[in-house]
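The values are calculated or read from the model by the stated rules, or taken from the named source; none is laboratory data. Please read these numbers as outputs of a predicted model, since none were measured by experiment. All Cβ positions, even for glycine, are placed from backbone atoms using ideal geometry, and neighbour counts span all protein chains on display. Surface accessibility is based on the protein's heavy atoms, side chains included, excluding ligands, DNA and RNA. Shrake-Rupley method; radii C 1.70, N 1.55, O 1.52, S 1.80 Å.
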Amino acid sequence: MAAAAGLRAFRAKVPDWLRRGRCVPLAAGFCSRGPAGAGQPEPGSRLTSSRQRDGIRNIVLSNPKRRNALSLAMLKSLQSDILHEAESKDLKVIIISAEGPVFSSGHDLKELTDEQGPEYHTEVFQTCSEVMMLIQNHPVPVIAMVNGLATAAGCQLVASCDIAVASDKSSFATPGVNIGLFCSTPGVALGRAVPRKVALEMLFTGEPISAQEALLHGLLSRVVPAEQLEEETMRIARKIASLSRPVVSLGKAAFYKQVHQDLRTAYHLASQTMVDNVALQDGQEGIKAFIQKRKPVWSH
């Protein structure tokens, strides 16, 4: 009974934005059903790094020797960095990037052999899905900064971000079909980012597309020369960070809520959101600042 009460207390503390997905993301290590030590980093090591300044959190996939594979340990580390103080007023935007020439090669195939078993495989794919949903449900915008190859679940990560900026040398693929493992979960994010026939060609053939093709089809927001990648990504992030967090958060949640609805429902939801926005302190501050021809002073 005590355990059940504790679980109810934990759920009561979960913010509304985490409840939008079917699965609630768990803190790293909260529930581990896999074999002891499987998918875990070496003691003292960390597969992602994170730093925050001026409202911008930079999360870096930091395992280039393993092509930044999204192992269970990597996924949990990424999840932890995204969730860390997510409701802090000081956090305005998140950038996800990677060390080395590969943004991410997708799942660690060594974790998907029959030696691990179906329970462990279930945890890998469920955790991955939770991370992807967490990005969409997070209260601040998440930007992918890509400089290299993004394949399978790595491509899924890019497709799941709100904004994606890539260097012109980057490429993207869902090549699982070539090794007998169809990219079904990457297809969820990919199919919502690019036209169906583009997604299916990528999924059925496994062939990569260039950064320019990815931009053309909507997988990317911008493509720039590699030497301008960080500058351009930071320009976008600084602009978002200069704006009202409550307004941006409200707008992000409303966009994803309405985007797959029928037209009438979408307008009904968006109209109510506009009413809610006007009622916000920052909504009124922005309107008054515009009328008074001055810069708004946001609450946070």
Practice problem: Go ahead and set up a Gaussian network model of the chain, Cα springs under 10 Å, then flag whichever of Ile94, Ile179, Ile209 fluctuates most. | Solution: Ile179
Quiz item: FRET efficiency for Val259 and Glu87, Cβ-Cβ distance as r, R0 = 25 Å, nearest 0.05?
Solution: 0.55
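So what's the net charge close to Val102: Lys and Arg +1, Asp and Glu -1, counting the other residues with Cβ under 11 Å from its Cβ?
+2
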Practice problem: For the chain, find the longest principal axis of its Cα atoms and tell me its angle to the long axis of helix 72-83, 0 to 90°, nearest 10. | Solution: 10
Exercise. Could you check the simple spin-label distance between Val177 and Gln212, using points 7 Å along Cα→Cβ, in nm with one decimal?
Key: 2.5
Quiz item: Stokes-Einstein D for the chain at 10 °C, 1.306 mPa s, Kirkwood Rh over Cα pairs, in µm²/s?
Solution: 78
Self-check item: Relative counts (whole %) of C-alpha pair distances in region 97-232, using bins that are 5 Å wide
Solution: 2, 11, 21, 24, 20, 14, 6, 2, 1
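Given a 1.4 Å probe, how much area per residue of the chain is accessible, in Å²?
On the way: 16140 Å² over 300 residues.
Value returned for the chain: 54 Å² of accessible area per residue.
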Quiz item: What is the pair-distance distribution P(r) of region 207-300, computed from all Cα-Cα distances in 5 Å bins starting at 0, with each bin given as a whole percent?
Solution: 2, 11, 14, 14, 15, 15, 14, 9, 3, 1, 0, 0
Quiz item: Between the helical axis of 2-12 and the dominant principal axis of the chain, each derived from Cα atoms, what acute angle in degrees is found, rounded to the nearest 10?
Solution: 50
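Kindly provide the helix-only [θ] at 222 nm of the chain, computed as the sum of -39,500 (n - 2.57) over DSSP H runs of four or more divided by all residues, to the nearest 500 deg cm²/dmol? Working shown, then result.
Working: 11 runs with 133 residues, N = 300.
-14000 deg cm²/dmol, from helical runs alone.
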Quiz item: Given springs between every Cα pair under 10 Å in a Gaussian network model of the chain, which of Ser242, Ser170, Ser71 has the largest fluctuation?
Solution: Ser242
Quiz prompt | Degrees separating the helix 118-137 axis from the principal Cα axis of the chain, which is the longest one | solution = 20
Self-check item: Rg [Å, one decimal], Dmax [Å, integer] - region 169-211, C-alpha atoms
Solution: 9.6, 28
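Using a 1.4 angstrom probe on the protein heavy atoms only, line up Leu72, Leu216 by accessible area, largest first. Mind dumping the intermediate values first?
Working: Leu72 0, Leu216 135 Å².
So, going from the largest accessible area down, we get Leu216, Leu72.
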Practice problem: Summarise the accessible area of the chain (1.4 Å probe, protein heavy atoms) by the percent that is carbon and sulfur. | Solution: 55
Quiz prompt | Furthest towards positive pole of dipole, Ala153, Gln292, Gly187, structure part the chain, Cβ charges | solution = Gln292
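Which pairs break 21 Å Cα to Cα here: Lys169/Lys239; Lys89/Lys252; Lys65/Lys92; Lys92/Lys295; Lys92/Lys252?
Lys169/Lys239; Lys65/Lys92
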